[in-house]
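Where a number appears in this text, it was derived from the coordinates with a stated rule and is not lab data. What you see is a predicted model; the values in this text were computed from it and never measured. Note that we place each Cβ from the backbone using ideal geometry, even for glycine, and neighbour counts take in every protein chain shown.
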Amino acid sequence: MTATERARQLTIAAAEAAADKLANDIVAFDVSEQLVITDVFLVCSGNNDRQVRAIVDAVEERLRLLDAKPVRREGEREGRWVLLDYLDIVVHVQHEDERSYYSLERLWRDCPVVALPESVTAGRGVGGPDALE
C-alpha cells in the first residue's frame, strides 16, 4: 500500500507553502505501510519560533484552499514543534534545535521518500533521485 493521491496532493501543497516561508530541509515520508493512521509525514524546520509559526500559518492557508482542515493541532503555543494532523498527512514543523534533537528522519529512514517538486527541494538536498515518484 502506498500513499493515496489525495495525500500526495496535500503533501505537495504543504511542502510548497513551507518553502514559500523559507522552511529548511523539507522532506516527506510515505509511512502508509507502517502506520494505519496516516499516509505521509511531512517534516520541515524553521530557524526561530516566529518562522515556525509563519510556516504553520502558510501550510494551513494553502491546505484550506484544498478543503483540508487539521483535525488536530499540537504545540502551537510554544512554537518549537507544531504538529498539524490532516488525517491523510501529518505535518511536523520544528525549530532547528528540536529537529536535531528528535531526528524524525532517523526514525522513518526505512520509509520511502515522497518526491517533492524541484521548487521545494532546490538547494535543500532533499527529495532527490531516490525519492518516489
**Request:** Go through region 1-38 and give me each residue that's hydroxyl-bearing (Ser, Thr, Tyr) and surrounded by 15 or more Cβ atoms within 10 Å (Cβ to Cβ).
**Result:** 11, 32, 38
**Test for residue 82: is it more than 23 Å from residue 122 (Cα to Cα) and buried (at least 18 other Cβ atoms within 10 Å of the Cβ)** = yes
**Message:** Being under 15 Å from residue 116 (Cα atoms) and in a loop (DSSP other than H, G, I, E, B) narrows it down to one residue among 17, 68, 13, 3; which is it?
**Reply:** 3
**Asked** Does region 39-48 contain any residue that is crowded, with 19+ Cβ neighbours inside 10 Å, within 15 Å of the chain's Cα centre (by Cα) and on the phi > 0 side of the Ramachandran plot?
**Response** no
**Asked** Would a scan of region 83-104 turn up a residue that is of a type in the set (Ser, Thr, Tyr), at positive phi and out of contact with any Lys or Arg (no Cβ under 8 Å at 6 or more places or on another chain)?
**Response** yes
**Request:** Look through 58, 68, 54 and report the one residue that is over 13 Å from the mean Cα position of the chain (by Cα), surrounded by 15 or more Cβ atoms within 10 Å (Cβ to Cβ), of a type outside the set (Lys, Arg) and closer than 24 Å to residue 6 by Cβ.
**Result:** 68
